[in-house]
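Read the structure below first, then the notes.
The values are calculated or read from the model by the stated rules, or taken from the named source; none is laboratory data. This is a predicted model, so every value here is computed, not measured. Positions of Cβ are generated from backbone atoms using ideal geometry, with glycine treated the same way; all protein chains shown enter the neighbour counts.
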Amino acid sequence: MKLTQLFAAMVTLTTAGTAIAQPAFDAAPPDRSVVQDAAIREAAYLARVNEVLNWRASGATVKTDDPGNLGLAAVACKLALGEDLEDCSLSVIEVMKDPGTGPFWMFPNVCVAFLGRDHLTDEAKAAIRETWRTTRQLRGDTENHWVMYYASLFLMSELYPNEPGESWYNGLTSEENLAESKAFLIDWMDMTTKIGQGEFNTTHYIGEYAIPMLFLASWSEDAEMKQRGKMMLDWLFAELANVTLNGVMRGPNSRTDEGSVIERWNALASYFSWILFGNTPPTKGYGGWGVYFATVAKNYQVPEVIYRLATDRGDDFVQRDRARIRRRWRYSEELSPPVHKTQYMRRDYAVGSTTGGQLDPIQAHAWDVTWDEPDPRGKHPTMFSLHPNSSSRAMQMSFTAYPEPWIKGVTNEGKPSYDSPDKIVGSSPFEQVFQDLDTVIALYDIPEGTRFPHINGFFSKDLVNLTEDQSGWIFAQGGRSYLAYRPLAGYHWIPYLHYTGGWAKEKLPVGGQLLTSPHLQNGTIVQAASVDEFASFEAFQDAIRALPLEFNLEPVPMVKMTTLRGKQVSFTYGEAPIVNDEAIDYAKWKLFEGPHLNAEIDGRKMTITHGRLQRVLDFNTLTISDAVK
Amino acid sequence: MTPLKTFLTLITLMASTTFSTAAPEYDFYICAKVNRDYVIGSKVETVNGVFQRTDEGAWVHQGYNDTTLTAVAFDPRDRNVIYTSANNGLWRSLDGGKHWRICNDWDMTEARHVAVDPNAPDHVYLSLPDGIAVSTDRAQTLVRRENGLPERGKYTQLVTIDRTQAGRAFAGCEVGIYLTENGADSWRRVLETTDIVNDIQQSPHDPDHWLATTQSAGAWSSRDGGLTWSPIEGVPRAHSLYNVTFDMTNPDRLAIGSWGLGVLTSEDGGKTWQDRNTGLPEPQRVWRVGVDPSGRLYASVHTQTLFYSDDFGRTWQPDTLKGSLVNYFVTMPKSKQ
């Protein structure tokens, strides 16, 4: 860290009590240089934590005639700071009169309950406790719901041990709740460390995992669960660090949304990059839920090996990982099919993909090429294509609802674009993707009669020098990256219209356009390169035009080409891709494989490496081992 | 028909006869969601869950406020023992709904239906998106009992108990109807379907007469106690058939609720079917139909409310439970408690 950074951190710490702005959000993007000194790193981390706490605590005021207006997030921050404790108690009593249901209510409630153990009045604590007797809490229906639900229930059962079933909303005793919650959490950790998460690389839901794990690590009285919480934080953040470029998550997501797919920085994941690594600005309002992480963030700090993984990039690298598709109840031969992911990370850009197909039924993002922007705020640094699949049957696979109201219903539940032909979020069973380094080939074989029988390619407002070349390639420059996009069938352009939020009702122009190709057999090839690799943009174009390329669309799409990196690639829809005469065997892929993260399938062990630093998370022995090689 | 079945049928018919000339001897319940657009995490704004209809026609809420109830069942020996299936799984109350206990572990979720065996009332069947769990001790413990169900395709929408024989039940699954005759120790398929079986009902008049509806594979009928099934030709397959019901006051009257077809009724035991949507809001999106002990037909219309008809669908009136979406209708012999 430079002296100016340290000074800024100290200023933030010393002025914390009066700050009401959101300094890091409003300021210039942070310096990306690696902070070598551990003490300075820690001071900067705590400064960021305090920035969050002070912003949220100061941003709300208590009206004496309406103490309930604070809200739990502000109460949690004030409790963490030890200020306005009397108002906190009044607010808690008021809020608890109208409790919510489900995990998104439970974990803030737990946060306040634990932070307030020594600060809240007996009446306030009793009000919290009473809600856990009177209000039925729903467990939800997704992986993040269950993790939040059971981590919350586990901790509250520890906080109130030896209490009878009548004192809990679910009729179980404290000990029964503890056992039930622990069993689920261990099973989830087992599954995650053996075959991966169903909700992998989520742009927002990472908070719904990280925050409960931090709570466990901070407050559990069970040494095993405390250790597990800490280890899962390392696991989650190591993966986050590895899929970010300068703090911004790249590549595929099991779940994301319209905003994060195009403005890649605008995701809760960026908040975690900011608070943990300090290498990108935080999102507005610190991501909302991120505030709860800050309330106990002082209990955890990423180890140096993960910090460097996020910030100290040298060579380009390829990471190949496996995850899984969320549980499919029906209409599927497999309960939770594997997902194979590839990420190629370079200084100026990243290329990431799954192998396509039906991923998460609603909010998946299968692949992209993204480039670095010095200030990522407001930028749309990404290029990709997709089939805008809209299918109640796909949703029925993973949900128990009846199909007919589903499509309309889901658009009212924070996924407004789901049934839009011009959407840019979602996976499709009719898409197959292959990636080799910075070459992506996406092929589409869409059956007749499919709703939305076309594909969409996203072209950002931030591309420059967009050129439709007579060769059939479309060339452009994004940041310090040259990009070449080859549509395999005819197309036309339409303006890109955007839902500005999950609950938005109307679409607005935010710049950019969609390449819409109304052909059932279809495909996209994307090549990327750094501007440093070519003498000029024209030289890049010449190189792309010179690449040997054959393709057919019937009977099924097929591409045979030599990539910019000299690989002989052949990819036919429905068949294994072939590189230099060798077929890719995805069955052999490990859970994590690359220069930085490695883990075997079923291993329950991850090795995190950066330079000479190494950390091993071993869930078989519940040990964390550090080494300097 | 076995002697036992014959006896029970006579009892039922006698009850029906009595029923038609005297005050109903049955209680009528629904599981309803009133809260619109509820999503996990939002506040529950209205009362939802189990409602009992009073003799005066009002709906009285019972038990917890839960937006996710899919079915309710009672111990026939003790009306205070109540089971509900819901998002969290199986809930049980032993004191008439004052206190509840979740009965399943974390690995059972999003329960679709619950049923109690009237001839073995300690036996409770829980239908799950990944199979079937059974309790033999009033849901104190639950064990998966899926021997004979396919590894994939065992999404179970409901289990319906044969009231004439302990341990005999039908499961409506993704790939067909499965029968157990030994309390779920084993299951065998008695009807293969191309899509999920949404409902299976036993006639209150003839225990050998069963009806089933499916997601996209039409409606089916059995006249031999569910051993063999025939398609009901008069019911189109083009739309989802959510449920089917008998009229306990009239053996010829049947009704089906459908997304797209709305309300279909038959008044000749299923030979012919009529569209009965005049007076109901369009489009024809009927979530469930039910018939109460007096023969009043109900239709729960999606995004609208509950409607009733006293002329079996010829005319409709909105019910007093405004904005409700009914997941389940159930009729029980009137509680003596």
When you scan region B:112-132, how many residues do you find that are more than 8 Å from chain A (Cβ to nearest Cβ) and in a loop (DSSP other than H, G, I, E, B)?
-> 7
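Among residues belonging to region A:312-358 that are of a type in the set (Asp, Glu) and over 19 Å from A:GLY198 (Cβ atoms), point out the one that is farthest from the other protein chains (Cβ to nearest Cβ). Show your work before the answer.
Kept after step one, since they are of a type in the set (Asp, Glu), are these residues of region A:312-358: A:312, A:315-316, A:321, A:333-334, A:348.
Subset that is over 19 Å from A:GLY198 (Cβ atoms): A:312, A:315-316, A:348.
Values: A:ASP312: 38, A:ASP315: 43, A:ASP316: 41, A:ASP348: 39 Å.
This residue is A:ASP315.
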Do you know which of the residues in region B:290-318 that are in a loop (DSSP other than H, G, I, E, B) and more than 20 Å from the chain's Cα centre (by Cα) is surrounded by the most Cβ atoms within 10 Å (Cβ to Cβ)?
-> B:TRP316
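Within 11 Å of chain A (Cβ to nearest Cβ), in contact with a Cys (Cβ under 7 Å, 6 or more places away or on another chain) and part of a strand (DSSP E or B) - does that describe any residue in region B:163-185?
no
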Given the residues B:THR109, B:THR160, B:THR141, which is the only one that is without any contact (Cβ under 8 Å) to a residue 60 or more places away in the chain and in a strand (DSSP E or B)?
-> B:THR160
Residues being out of contact with any Phe, Trp or Tyr (no Cβ under 8 Å at 6 or more places or on another chain) and at pLDDT 95 or above - total across region A:269-312 = 16
When the residues of region A:389-422 are filtered to those that are over 27 Å from A:PRO518 (Cα atoms) and hydroxyl-bearing (Ser, Thr, Tyr), which remaining residue is nearest to the other protein chains (Cβ to nearest Cβ)?
-> A:THR400
Given the structure, is A:SER385 over 30 Å from B:PRO283 (Cβ atoms) and within 14 Å of another protein chain (Cβ to nearest Cβ)?
-> no
Reported set for region A:137-171 where residues are within 11 Å of chain B (Cβ to nearest Cβ), over 28 Å from A:TYR205 (Cα atoms) and among the polar types (S, T, N, Q) is A:SER167
Answer with yes or no whether B:SER135 is within 14 Å of chain A (Cβ to nearest Cβ), on the phi < 0 side of the Ramachandran plot, buried (at least 17 other Cβ atoms within 10 Å of the Cβ) and not aromatic (Phe, Trp, Tyr).
-> no
Any pair with Cβ under 6 angstrom, 6 or more apart, that starts in region A:172-183 at a residue that is at the interface with another protein chain (Cβ under 9 Å from one of its Cβ atoms) and ends at one that is modelled with pLDDT under 95 and part of a loop (DSSP other than H, G, I, E, B) | none
Members of region A:508-522 found to be in contact (Cβ under 8 Å) with a residue 40 or more places away in the chain, part of a strand (DSSP E or B) and not small (Gly, Ala, Ser), listed by number | A:VAL510, A:GLN513, A:LEU514, A:LEU515, A:THR516, A:GLN521, A:ASN522
Could you list, in sequence order, all residues of region B:281-337 that are within 16 Å of B:ASP247 (Cβ to Cβ) and touching a helix residue (DSSP H, G or I) at 6+ places or on another chain (Cβ under 9 Å)?
-> B:PRO293, B:SER294, B:GLY295
Here is a list of conditions, (1) within 14 Å of chain A (Cβ to nearest Cβ); (2) not in a strand (DSSP E or B), and B:ASP199 meets all of them except one; can you say which number that is?
-> (2)
Residues in region B:48-62 that are more than 11 Å from B:CYS31 (Cα to Cα) and part of a loop (DSSP other than H, G, I, E, B): how many?
-> 5
Can you tell me how many residues in region B:27-43 are closer than 19 Å to B:SER300 by Cβ and facing chain A (nearest Cβ under 7 Å)?
-> 1
